[in-house]
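Scroll down for the structure; my scribbles are underneath it.
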């Protein structure tokens, strides 16, 4: 594990850039940042906005970000794509095979110490939302299996990854528990080309790779106190990026981003389609 960025309260929402770089957020400190593989430098590309737990890139290269709402950010311009007055915010998000955003809806304020209130994952289409997976106490990481036939959504509160089959017409079947995470945390996630499910295991300080049938296949140790999310990227899709908060033995240490080489490539994620 090589640390490529540090000094963030809670690094989160990693998403690969086309040039092999990485976008990531600082949930508590605010902003979106971009790491460049050419220079090794990090620059702020979206200032101040807090609570970004998930990001994607649309066909034009603009960022889709979560937070108090789901917005499209292109340079200095920002527009709201979806909001819900009954929600406290939106957490992680991904893109379905048709290019539509799927996002976790929060119904409580995690950082205010509130008890979890069940939320859901919804699919967005032209400003409206369709239920993908309901009854999720704390919606977190989400991703699709290769081919887009299965949707995975983490329930951080229960420490499980839920799965629902995606039908040809775009509807979803009933959810079931696909993975029970050791240590009880299920934060951000990614899926590889072979269908392996990589889950950030929070306070366990590792990333676990699970087989599609829910078995823990391998576990990667990360030199941090809390592992928040994971994604694949790089020129060949085999760079494994991991976002964190804190370092072992030092609860006051900042969070950051680590990178390692994976034995497999990540499953491709479509660009978001907003038309």
Matching residues, region 7-53, being surrounded by fewer than 16 Cβ atoms within 10 Å (Cβ to Cβ), in contact (Cβ under 8 Å) with a residue 12 or more places away in the chain and not in a loop (DSSP other than H, G, I, E, B): 7, 44, 45
Cross-chain or 6+ apart pairs with Cβ under 9 Å, region 102-126 first and on the phi > 0 side of the Ramachandran plot and loosely packed, with under 15 Cβ neighbours inside 10 Å, then modelled with pLDDT under 95 and part of a loop (DSSP other than H, G, I, E, B): 126/274; 126/275
When the residues of region 228-251 are narrowed to those that are at pLDDT below 95 and in a strand (DSSP E or B), which ends up nearest to the chain's Cα centre (by Cα)? 245
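Looking at 156, 152, can you tell me which residue is within 21 Å of residue 116 (Cβ to Cβ) and in contact with a helix residue (DSSP H, G or I) (Cβ under 9 Å, 6 or more places away or on another chain)? Break it down into steps so the answer makes sense when it comes.
Values: 152 fails: in contact with a helix residue (DSSP H, G or I) (Cβ under 9 Å, 6 or more places away or on another chain).
The match here is 156.
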Show the residue pairs meeting these rules: Cβ distance below 6 Å; 6+ apart or different chains; first residue within region 246-266 and at positive phi; second residue assigned to a loop (DSSP other than H, G, I, E, B) and modelled with pLDDT under 80. 246/253
Can you confirm whether region 70-89 contains a residue that is assigned to a loop (DSSP other than H, G, I, E, B), in contact with a strand residue (DSSP E or B) (Cβ under 9 Å, 6 or more places away or on another chain) and under 23 Å from residue 242 (Cα atoms)? no
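Regarding residue 129, is this residue surrounded by fewer than 24 Cβ atoms within 10 Å (Cβ to Cβ) and in a strand (DSSP E or B)?
yes
The values are calculated or read from the model by the stated rules, or taken from the named source; none is laboratory data. Please read all numbers here as calculations on a predicted model, not as lab measurements. Backbone-built Cβ (ideal geometry, glycine too); neighbour counts: all protein chains shown.
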